[in-house]
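To start, the structure under review is shown below, and the notes come after it.
The values are calculated or read from the model by the stated rules, or taken from the named source; none is laboratory data. Here the structure is a predicted model, which is why all the values come from computation and not from measurement. Here Cβ is always computed from backbone atoms with ideal geometry, including for glycine, and neighbour counts include all displayed protein chains.
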Amino acid sequence: MKKIVLFVLALCLCFNVFGVAFAEETAENDIVLNDGTPWVDYCLRENIAQVEEKPDSPRDDFYLWVNYDWLKSAEIAPGDYVTDSFTDVGNEVTDQCLEVLTDTMLKSEDAALAQYLYNAYLDWDARDALGLAPLQKVIDRISAVSTLDKLTQMLSDREYDGGTLFEADVMDNLSAPDTWITDIKPMGLLLQDSAEYRERTEVGDLFEAGIRAFFPRMLERLGYSPEEADGMLTRTFALEAELADGILTGAEEMAPDYVQRVNNQMSRAEAETFCSALPWVEILDGLGYAGAQGYQVEQPAYLQKLDEIYREDRLEDLKAELIINTVCKLWLFLDRESHDLYYEMFNCLNGIEGFPQEENEACDAVRSKLPKQMAVAFFEKFNPAKMKTDITRLCSEIIDCYRKMLSEEDWLSEETRAKAIEKLDQMHVITVCPEKWPDYSGLSFEGLGYYDCIREINRYKARISESLVDQPKDPDFWYFTLDSEVINDILTANAVYFPDINTMIILRGILGDALYREDMSDEELCGAIGMIIAHEISHAFDPTGAQFDATGRMNNWWTEADGAAFAERTQKLIDYYNGITAFNGLQVSGESVQGEAVADLGSVKCMLRLLEEKKEHVDYRAFFESFAKAWRNLIVWEVEYYSLTGDAHPPHHIRVNTVVQQFPQFYETYGITEGDGMWLKPEDRVPVW
Ligand SMILES: [Zn+2]
């Protein structure tokens, strides 16, 4: 249910192996970057390089005017594709994590595990000595499969480390928010978006070219000839093209009806007869989900497609897919040569130059594989108590203000307004760090190298997941502490609202200097972390969140007339965003960004109301400029380009300019009038809340 997670960040692309992609050759060609309308995208390095002087007024492009000096001097770090407030905050936390990982005075078992994994990551002598052996072992096992029955046996074996044909985990039950359920979803595709297998775009072509350039080098290291490697990729692309027919596209995943489309519950009896050839329930039983009473099958059409293909005469196709998936899954846990090849590919596909510092990579690996242990060790060194108290207080202040804001929404009937306020009042808010942690007792790495540590962790996580199947949910349990590969860890610069449990989480990782400091003025605070908190609250009332009630159940709590009015307001916003060109003739998709845009607008409205309530003289300049600074961003064009189709967040300059131009206080503060680039006629403004 990755779409359920509604991050505030502009870039929360789900990078699996390949991330976002463009081959190098197009980067230099005829790209006209500066034809954005109504604003040029000065988040792009190529564009800001062309500006010689700071604009003398904020009237035409507020984002550029506020951030000019920063944009001119900012540099994207080696191995990265972006720099912004969130990377600043992230770097601050990474430095603190590195202190934790090298502090021999820390005594907890969690710190010991995190430090062990960190050192194992950096022990290249041991990793090189093992070479590709662990991967080779799994590939040999797949290659040796001679019948469909043997394939089923392998996929049902908990000791099997390789790729799979569908993914299973415990997740929030969309029909019963107070319980966990075994959730089934399609495996990831090489081209990421199923739409690429139906109607190929330039992105897909470049992705495929990149994969074909790098992947065979890894396969050849495993003993395949260049022809065999090429044949295996061709087979895999062809098989994925068939399967892609059963998988929702990236655009469909960003649409508000996505949550309804993936809410498919099946009893065990229904599941057992759902497929004729694919024994998916048997496979799940083998993997430890034997007690499951029911399943949430996110995309039943995918299982049906897989069922058609799960045949003896397609065995070689299925094996090719599994081998490719296995390489993807294990690539980064192997030797130096594998590591370097991976990053060479990743950089080429993403327009990245240079490599991150190895210590930072090792730190990221620990955070990703041991999010609970890393966080516990972090809090052992950096006590979160005061920050938790302060942020919790700020959240309740903002919620109080939001309540007043909702009660003043005169386009809603009393009945719907009451339901909205009830939802707000029942929102579960957790900040900084959880009260409870998952139990990893007994996890030990003694004597293990990096690869075997990862295996051991995976076994533990599987055990914890199994123990949750069909169990009641503890609202204080953070999934973040269990698996940061699905979502981020606590130390990531992010915040999130989960509509299906009506819960907002403000992660410790977002509370760094660029967004939150104790010495900030009220206006600065509201323009930075305050705006982020209010943005997450607004997700409860965006077109996706609005489908869930106070308990997190998918349930229409709107009167018919109010629902229609909400849809009409949202449509006006969609139309406005659809009219914006980001750069190079590429338009923003109003449909895809509607949820984020509604949240951005609701949040600034709430922050202005809070300030006006609190202060006799609001320093509006300080507020709007703090807001614009929070979204400052310098990015490589490849990633900005891809984000336009693959990310639900608008580019940052649009996030700033379209939002501020909705508010009369902005026009009054800066004297913006008709004819200015920032002017939007009052009747064309698109407030939803
Ligand atoms: Zn958001």
Pick out the one residue from Pro371, Pro356 that is at pLDDT below 95 and in contact with a Gly (Cβ under 6 Å, 6 or more places away or on another chain). Pro356
Exception for Glu625 within (1) more than 30 Å from Glu638 (Cβ to Cβ); (2) surrounded by 20 or more Cβ atoms within 10 Å (Cβ to Cβ); (3) more than 16 Å from the ligand (Cβ to nearest atom) falls at (1)
Which of the numbered conditions does Tyr620 fail, given that it passes all the others? Conditions: (1) within 16 Å of the ligand (Cβ to nearest atom); (2) in contact (Cβ under 8 Å) with a residue 40 or more places away in the chain. (1)
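Can you tell me how many residues in segment 613-647 are part of a loop (DSSP other than H, G, I, E, B) and in contact with a Phe, Trp or Tyr (Cβ under 9 Å, 6 or more places away or on another chain)?
Count: 3.
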Expected output for segment 594-612 (first residue on the phi > 0 side of the Ramachandran plot and part of a helix (DSSP H, G or I), partner within 11 Å of the ligand (Cβ to nearest atom) and at pLDDT below 95, Cβ below 8 Å, 6+ apart or cross-chain) is none
So which residues in segment 547-572 are hydrophobic (A, V, I, L, M, F, W, C) and free of Cβ contacts under 8 Å to residues at least 40 places away in the same chain, if there are any at all? Ala564, Ala567
Out of the residues in segment 144-155 meeting the condition of being surrounded by fewer than 15 Cβ atoms within 10 Å (Cβ to Cβ) and of a type outside the set (Lys, Arg), tell me which one is nearest to Glu358 (Cα to Cα). Ala144
Just to be sure before I move on: is Gln665 away from the ligand (no atom under 16 Å from the Cβ) and either under 22 Å from Pro543 (Cβ atoms) or surrounded by 23 or more Cβ atoms within 10 Å (Cβ to Cβ) (or both) in the structure I sent? no
Touching a Gly at 6+ places or on another chain (Cβ under 9 Å) and within 19 Å of Ile323 (Cβ to Cβ): which single residue out of Leu243, Leu306 fits that description? Leu306
In segment 569-604, anything surrounded by fewer than 20 Cβ atoms within 10 Å (Cβ to Cβ) and closer than 24 Å to Arg403 by Cβ is listed as Arg569
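Among the residues of segment 267-286, write down those that are crowded, with 19+ Cβ neighbours inside 10 Å, closer than 22 Å to Lys461 by Cβ and in contact (Cβ under 8 Å) with a residue 40 or more places away in the chain. Even if it seems obvious, please write down each step before you answer.
Going residue by residue through segment 267-286, those that are crowded, with 19+ Cβ neighbours inside 10 Å are 271, 278-281, 283-284.
Right, trim to closer than 22 Å to Lys461 by Cβ and you get 280-281, 283-284.
If the condition is that a residue be crowded, with 19+ Cβ neighbours inside 10 Å, closer than 22 Å to Lys461 by Cβ and in contact (Cβ under 8 Å) with a residue 40 or more places away in the chain, then Trp280, Ile283, Leu284 are the ones that fit.
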Counted residues, segment 238-260 - those being without any contact (Cβ under 8 Å) to a residue 24 or more places away in the chain and part of a helix (DSSP H, G or I): 1
With respect to Arg632, is the statement that it is out of contact with any strand residue (DSSP E or B) (no Cβ under 7 Å at 6 or more places or on another chain), modelled with pLDDT of 95 or more and basic (Lys, Arg) true? no
Return yes or no: is Pro472 closer than 18 Å to Thr182 by Cβ, in contact (Cβ under 8 Å) with a residue 60 or more places away in the chain and touching a Lys or Arg at 6+ places or on another chain (Cβ under 7 Å)? no
Among the numbered criteria (1) modelled with pLDDT of 95 or more; (2) more than 16 Å from the ligand (Cβ to nearest atom); (3) not in a helix (DSSP H, G or I), which single criterion is violated by Pro687? (1)
Residues of segment 581-615 satisfying the condition of being over 18 Å from Gly36 (Cβ atoms) and near the ligand (Cβ under 10 Å from one of its atoms): Gly595, Glu596, Val598, Ala599, Asp600, Ser603
Cβ pairs under 6 Å, 6+ apart or interchain, first in segment 636-650 and hydrophobic (A, V, I, L, M, F, W, C), second part of a loop (DSSP other than H, G, I, E, B) and away from the ligand (no atom under 16 Å from the Cβ), ordered by first then second residue, are Val636/Tyr81; Val636/Gly351; Val639/Val20; Val639/Tyr81
Taking Asp172, is it within 21 Å of the chain's Cα centre (by Cα) and closer than 27 Å to Ala244 by Cβ? yes
Segment 497-515 - residue that is over 19 Å from Tyr402 (Cβ atoms) and not hydrophobic (A, V, I, L, M, F, W, C) and, of those, farthest from the ligand (Cβ to nearest atom): Asp513
Conditions (1) part of a helix (DSSP H, G or I); (2) in contact with a helix residue (DSSP H, G or I) (Cβ under 8 Å, 6 or more places away or on another chain); (3) surrounded by fewer than 16 Cβ atoms within 10 Å (Cβ to Cβ) -> Arg158 fails only (1)
Selection from segment 541-560 of residues that are out of contact with any helix residue (DSSP H, G or I) (no Cβ under 9 Å at 6 or more places or on another chain) and more than 25 Å from Met504 (Cα to Cα): Glu560
Of (1) more than 18 Å from Ala420 (Cβ to Cβ); (2) surrounded by fewer than 19 Cβ atoms within 10 Å (Cβ to Cβ); (3) among the charged types (D, E, K, R), Glu523 fails just (2)
Restricting attention to segment 479-500, and to residues there that are closer than 18 Å to Val100 by Cβ, of a type in the set (Ser, Thr, Tyr) and out of contact with any Phe, Trp or Tyr (no Cβ under 6 Å at 6 or more places or on another chain), which single residue is modelled with the lowest pLDDT? Ser484
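For segment 635-662, how many residues meet the condition of being away from the ligand (no atom under 16 Å from the Cβ) and among the β-branched types (Val, Ile, Thr)?
5
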Kindly provide the set of residues from segment 194-218 that are in contact with a Ser or Thr (Cβ under 8 Å, 6 or more places away or on another chain) and closer than 11 Å to Glu240 by Cβ, ordered by number. Ser194
Restricting attention to segment 62-84, the residues that are surrounded by fewer than 23 Cβ atoms within 10 Å (Cβ to Cβ), in a helix (DSSP H, G or I) and polar (S, T, N, Q) number exactly 1
